[in-house]
Every structure is written in C-alpha cells, then in structure tokens.
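The values are calculated or read from the model by the stated rules, or taken from the named source; none is laboratory data. Computed from a predicted structure; not experimentally measured. Note that each Cβ is placed from the backbone with ideal geometry, even for glycine, and that neighbours are counted across all protein chains shown. Note: accessible area is taken over every heavy atom of the protein model, side chains too, but ligands, DNA and RNA are not part of it. Shrake-Rupley method; radii C 1.70, N 1.55, O 1.52, S 1.80 Å.
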Amino acid sequence: MDKKRVLSGVQSTGNLTLGNFLGAINNWVTMQEQYDCYYMIADLHSLTVRNDPNTLRENALKLIALYVAAGLDPQKNNIFVQSHVSAHSELSWILNCYTYMGELSRMTQFKDKSAKHADNINSGLFTYPVLMASDIILYQADLVPVGEDQKQHLELTRDIAERFNKIYGDTFKVPEAYITRSGAKIMGLQNPEAKMSKSATNLNDVIFLNDTPDDIVKKFKKAVTDSDNLVKYDPENKPGVSNLMQIYGAVTSKSKEEIEKEFEGQGYGTFKMAVAYAVVEKLKPIQSKYNELLSNKDYIKQIYEKGDENARKIASVTLKDVKEKVGLIV
Ligand code: TYM
C-alpha cells in the first residue's frame, strides 16, 4: 500500500521557538519512517511582514539546517523551498477566487496579526490562509502536522478543497490536521495565557532554539507559576505550572501523572530546574549539529534542490488538473 502523504512548513522569519519545535518539527521527525513527507520553508508566507532581504534569505537556509539538525533525514524527507515551486503562487491565485472575504475575515490569526502590525495590514496577510491551503492540497496531503494555532487554517483548507471538489469533481484530497496532545500549544513563560511566540516583546517569555544553556536556565527560573507550590496539571487554574508540565512531558515523553508523581512533595524550584535541564539536554545535540551544518552551505543547497525537484513533480500534476478544470488553456 502507498504511504500516506504529509506536508507541513514553518515561516522563515526570525528565530524559532521551543513552541515551533514541540508543536511541529519534533513531531515531523517521528513521522518520517511511516509517511511520504514534504516539509517546506514557507518563505512566501514570510513576506506578509517586512524583512531585511539578506536576513530573510539567510533565515531560509538556517531553517533547512535546523530541520536536518532536529532529526529530519534529507534522504527520507523532501525538504524544499516554497518560492522555488511556482505552482504554490499559481494555485493560490486560483483558489483566492474560490474563497470568501467573510471566511478570511474570521481567521483569528489575521485579527491578531493585523492588531500587531497595524501599520502594515497588507492583502497578503489577509489571503495568507489561501496560500497555506494551496501548499497543502497541491500535494494531495493526507496529514498536516501543526500546532493548535493552525487548526482554523486547516479547517478553511478543508472547506476550500471540498468546495472545489463539489464544483469540478474529485480534484483534491481533503487533508486532516495532525496535532499531538503533548506539544500542541506551548504557552509563554511570563504570560502562560498566551502562546509562546517569536514576536514576543518580553524575551523571558520565549525559549529560542538557539538560546544558550545559561539563558534557558535563567528563563525557566523566572517562569511565572502560582503560590500553591504544587506540581499539578490544571491549565485553567494553574496555567504556568501546567505549561511547564506540558513542556517537560513533550521533551521527556513522560505523562502528566508520572510528572505529578515525580515532583510530589517538592517545590517549584526543583521542578523548574528539572524542566530547564531537560530542555537544555534535548536542544544540545540539535544546536551542535545545526552549527556544523550551517558551515556547509553546499550541502544545504543539495538538500533543497533535490526537495524542490520532487515537490515540483507532484505540484505540477495537481496544478495542470486544476487549470484544465477551471477552463484555462493548458
Ligand atoms: P509558523 O511559522 O507560525 O509556525 C510553525 C509551526 O509551529 C507551530 N507553533 C506552535 N506550536 C505549539 N506551541 C506554540 N507556541 C507554537 N507556535 C508555533 C505552528 O502551529 C506551526 O505548526 N502558516 C504556517 C506555516 C505554513 C504551513 C503551511 C504549515 C505555511 N504553509 C502548510 C502547514 C502546512 C505558519 O505560519 O506557521
């Protein structure tokens, strides 16, 4: 039987966070044996905010190095650059004509991002979920491993695919979000009511994947908890402690019950240090492999050139089918 297909991606803006890692990339690594995997650098999505061009280019290469350092085997996965496969932009235009303004206006990420970038609410920010839908259904992906914040975009993708299929007959596979319980939504360390985000203004709120062990320990020590001194999972009443448990669980594969038991009768000080060290240990080999890979730009190029080629093959078949169906001369 053919393997099911997986597609996902990360934007190449700024430094990646522990949230990006635990919500997405870490899960991708576990999928590489069982699935036919396509992981892209979402560089076109990154254009919805202003970037320094050289930094953006450099970030895309860094992200490829990080994918590999995190454990994605370039032989088993197709790692490619979104902007190198022009079918993404082409399908996105077509699907824009099958997506309603009302649907896009309801996207919570659009509302959040336009509040954050009030001086630059461009139409790319608005139609961004259509590009994301195109990324996914171009590959007829079965599964899309993402964090919970992308769930609404996945629902819209399904709606667009179903709408198109209904008009033109079976064209797109209707994909499913693949969201694991352990890393689905990592919250900020200072504000555990909001997701950990790379654009946070308080740097103590975020663990970046390239933070030093010292920084990581310091940030966890300062993490907001409560006054109970009880390690118990209760996201509603104890968001800070529950988030730390979530992180610890995602990194060590321990269950919430095991964690509660491990820290029974111990204070938050011991618990926070255990979380910090577990994260440091998890990131250490990734950081050193990452630095090693970054010094070999030729190898990084080889990786994406092979990925680009495989991606183009599949994407062009879907795009041709769509063009024919909507009435373009192909
Ligand atoms: P991006 O770049 O914002 O985030 C990349 C991945 O990280 C996950 N994530 C989190 N997971 C748990 N806790 C957090 N605090 C956290 N912060 C981020 C996100 O859910 C995501 O899985 N539009 C996408 C990129 C994209 C894409 C795609 C993804 C473009 N096309 C097609 C899947 C399929 C984005 O901006 O993710």
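Here the range 209-232 is the region considered, the condition is being more than 23 Å from Lys198 (Cβ to Cβ) and open to solvent by 80 Å² or more (accessible area, probe 1.4 Å), and the residue that is nearest to the chain's Cα centre (by Cα) is Lys232. Among the residues here, Lys111 does not qualify as closer than 24 Å to Thr17 by Cβ, out of contact with any helix residue (DSSP H, G or I) (no Cβ under 8 Å at 6 or more places or on another chain), more than 10 Å from the ligand (Cβ to nearest atom) and touching a residue at least 60 places away in the same chain (Cβ under 8 Å). Checked against the criteria, Lys185 does not count as within 15 Å of the ligand (Cβ to nearest atom), part of a helix (DSSP H, G or I) and either among the small types (Gly, Ala, Ser) or under 19 Å from Asn20 (Cα atoms) (or both). Under 8 Å by Cβ, and 6 or more places apart or on different chains, what pairs join a residue from the range 15-38 that is among the small types (Gly, Ala, Ser) with one that is assigned to a helix (DSSP H, G or I) and open to solvent by 30 Å² or more (accessible area, probe 1.4 Å)? Going by the 8 Å Cβ cut-off, the qualifying pairs are Gly23/Glu148; Gly23/Asp149. Looking across Ala69, Ala60, Ala42, Ala87, one residue alone is within 17 Å of Glu305 (Cα to Cα) and either more than 15 Å from the ligand (Cβ to nearest atom) or free of Cβ contacts under 8 Å to residues at least 60 places away in the same chain (or both). It is Ala60. Restricting the first member to the range 138-161 and to residues that are of a type outside the set (S, T, N, Q), and the second to residues that are open to solvent by 50 Å² or more (accessible area, probe 1.4 Å) and near the ligand (Cβ under 6 Å from one of its atoms), the beta-carbon pairs closer than 9 Å and six or more apart or on different chains are Gly147/Lys185; Gly147/Lys195; Glu148/Lys185; Glu148/Lys195; Asp149/Lys185; Asp149/Lys195. Take the residues of the range 139-159 that are in contact with a Pro (Cβ under 9 Å, 6 or more places away or on another chain) and among the β-branched types (Val, Ile, Thr): which is nearest to the ligand (Cβ to nearest atom)? My answer is Val144. The residue pairs whose first member lies in the range 162-189 and is under 30 Å from Lys218 (Cβ atoms), whose second member is among the acidic types (Asp, Glu) and surrounded by fewer than 20 Cβ atoms within 10 Å (Cβ to Cβ), and whose beta carbons are closer than 8 Å, counting only pairs six or more residues apart or on different chains, are Ala184/Glu148; Lys185/Glu148; Lys185/Asp149; Met187/Glu193.
Applying the criterion of being closer than 17 Å to Ala60 by Cα, within 24 Å of the chain's Cα centre (by Cα) and charged (D, E, K, R) to the residues of the range 294-330, the residue that is surrounded by the most Cβ atoms within 10 Å (Cβ to Cβ) is Asp308.
Within the range 204-226, identify whether any single residue is of a type in the set (Phe, Trp, Tyr) and over 30 Å from Phe126 (Cα atoms), and answer yes or no. Yes, that holds for at least one residue.
I'd like to know if the range 191-208 contains one or more residues that are open to solvent by 20 Å² or more (accessible area, probe 1.4 Å), assigned to a loop (DSSP other than H, G, I, E, B), of a type in the set (Val, Ile, Thr) and under 19 Å from Glu262 (Cα atoms). No, that holds for no residue. Scanning the range 32-63 for residues that are surrounded by fewer than 17 Cβ atoms within 10 Å (Cβ to Cβ) and acidic (Asp, Glu) gives Glu33, Asp52, Glu58. Checking the structure you have, find out if any residue of the range 63-77 is among the β-branched types (Val, Ile, Thr) and assigned to a loop (DSSP other than H, G, I, E, B). Checking the range 63-77: not a single residue is among the β-branched types (Val, Ile, Thr) and assigned to a loop (DSSP other than H, G, I, E, B). Within the range 214-225, residues that are outside any helix (DSSP H, G or I) sit with their Cβ atoms under 6 Å from residues that are among the hydrophobic types (A, V, I, L, M, F, W, C), at 6+ positions apart or across chains, in these pairs: Ala223/Leu189; Thr225/Val241.
Taking Val280 as the residue in question, decide whether it is part of a helix (DSSP H, G or I) and surrounded by 19 or more Cβ atoms within 10 Å (Cβ to Cβ). For Val280, the condition - part of a helix (DSSP H, G or I) and surrounded by 19 or more Cβ atoms within 10 Å (Cβ to Cβ) - is met.
Please find, among Val29, Val49, the residue that is within 14 Å of the ligand (Cβ to nearest atom), farther than 30 Å from Leu328 by Cβ, aliphatic (A, V, I, L, M) and assigned to a loop (DSSP other than H, G, I, E, B).
Values: Val29 fails: assigned to a loop (DSSP other than H, G, I, E, B).
Only one candidate qualifies: Val49.
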